Amino acid sequence: MRADWATMSRFPLLSTSDQQDAIAYAPIAASAATVVPPEQAGVWCYPQPGISRDDWTMAMAGGMLTRPYLSGHYNVMSAEEIETVARFITVHREIQEQIVTGSPFWPIGLPAWEDEWIAFGLHCADGGSLLTVWRRSGTMETCNLPIARLANDTVVTALSPLLPTHAAWRSRLGYLAVELTSNSAVTLRIEAAG
């Protein structure tokens with residue numbers, strides 16, 4: 001009920017939820033831009049010591065194209081886990097300007113609460129796009145995302161530092177094919193070749 005422009009015009013952040021389950025947070029984070037600009041949408045990221053790489057990607061994904069709030073037990077994380085958090089934050093800082101000026105889009109539509117695949121992106125002023133894709137359940141390992149803005153010669157780069165990601169632009173078919181072999185998430189940069 002605080003998500004009205006009169007309130008948001010006076011504060012730099014709006015917390016999108018108190019949800020701590022990264023899988024449940026995905027549709028909230030992906031839909032936040034319908035109410036608040038992405039750079040103002042505070043999304044909680046809860047990496048925990050000892051979680052799997054897949055869980056790390058899910059914990060951090062919602063904050064990649066929004067404004068991440070970090071929480072968790074950093075006092076008992078290993079040096080490698082702290083470095084992983086730092087790598088995600090470094091990537092976020094590198095794309096921060098594009099987040100501020102980007103226009104939101106949802107290539108497979110606004111998410112429903114139980115959707116197996118969720119995708120939220122930003123079309124950037126430089127002609128490229130940023131896109132976060134979540135796989136939350138199901139047996140389908142590839143999601144085909146129609147993105148009309150893409151050119152024939154398109155380069156797709158994974159920005160999330162943990163998982164090998166297979167994403168390819170199928171120009172003849174007009175969609176981006178993203179493969180995630182487990183319940184995880186990835187943020188991609190999509191831009192014209194050259």
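Read-outs throughout are calculated quantities, based only on the coordinates presented, and are distinct from any laboratory measurement. No experiment lies behind these values; they were computed from the predicted model shown. Quick reminder, even Gly has a Cβ in these numbers, built from the backbone with ideal geometry, and neighbours come from all protein chains shown.
Find how many whole Å separate the alpha carbon centroid of the range 99-168 from the alpha carbon centroid of the range 10-82.
17 Å
Taking the chain as a Gaussian network, Cα atoms linked when under 10 Å apart, which of GLY50, GLY121, GLY63 shows the biggest mean-square fluctuation?
Checking each option, the largest mean-square fluctuation is seen for GLY50.
For the range 47-58, in order, what is each residue's ³J(HN,Hα) by Karplus, 6.51 cos²θ - 1.76 cosθ + 1.60 with θ = phi - 60°, in whole Hz (x at glycine and Pro)?
Coupling constants for the range 47-58: x, 10, x, x, 7, 6, 4, 4, 5, 4, 5, 5 Hz.
If Lys and Arg each add +1 and Asp and Glu each add -1, what is the summed charge of the other residues whose beta carbon sits under 12 Å from the beta carbon of ALA24? Numbers along the way, then the final one.
Working: positive: ARG136; negative: ASP18, ASP21, GLU114, ASP115.
That sum, taken over residues with Cβ under 12 Å, equals -3.
Order of MET60, MET140 from fewest to most other C-beta atoms within 10 Å? Each step should come with its number before you reach the end.
On the way: MET60 29, MET140 12.
Placing the least packed residue first, the sequence is MET140, MET60.
So which residue, out of ALA24, ALA167, ALA33, gets the largest mean-square fluctuation from a GNM of the chain using Cα contacts under 10 Å as springs?
Top of the fluctuation ranking is ALA24.
Relative to the compact globular guide of 2.2 N^0.38 Å, what is the alpha carbon radius of gyration of the chain, as a ratio? Kindly include the intermediate steps, with their values, before the conclusion.
Details: Rg = 16.0 Å, N = 194, 2.2 N^0.38 = 16.3 Å.
The reported ratio for this selection is 0.98.
Hey, if you drop one equal point scatterer on each alpha-carbon of the range 103-192 and run the Debye formula without solvent, what base-10 log of I(q)/I(0) do you get at q = 0.17, 0.23 Å⁻¹?
At q = 0.17, 0.23 Å⁻¹ the computed log10 ratios are -0.66, -1.22.
Would you mind finding the longest exposed-site-free stretch of the chain, with exposed trypsin sites (Lys or Arg not before Pro) meaning DSSP loop and at most 15 other Cβ atoms within 10 Å? Before the final figure, lay out each step's value.
Working: sites that count: ARG2, ARG10, ARG149, ARG172.
Longest run free of exposed loop sites: 11-148.
Normalised by the residues of the range 83-137, what does the relative contact order come to in percent, with Cα pairs under 8 Å and at least six apart?
On the way: 61 pairs, mean separation 15.5, N = 55.
Here the relative contact order equals 28 percent.
Quick check on the exposure proxy: order HIS73, HIS123, HIS166 from fewest to most C-beta atoms within 10 angstrom. Working shown, then result.
Details: HIS73 12, HIS123 19, HIS166 15.
With the fewest neighbours first, HIS73, HIS123, HIS166 line up as HIS73, HIS166, HIS123.
How big is the range 1-82 by Rg and Dmax over its Cα atoms, in Å?
In Å, with Rg to one decimal and Dmax whole: 13.6, 43.
Taking the Cα centre of the chain as origin and charging only Cβ (+1 Lys, Arg; -1 Asp, Glu), how large is the dipole, in debye to the nearest 20? Walk me through the numbers before you get to the answer.
Details: 12 positive and 19 negative charges, 71 e Å.
I would put it at about 340 debye.
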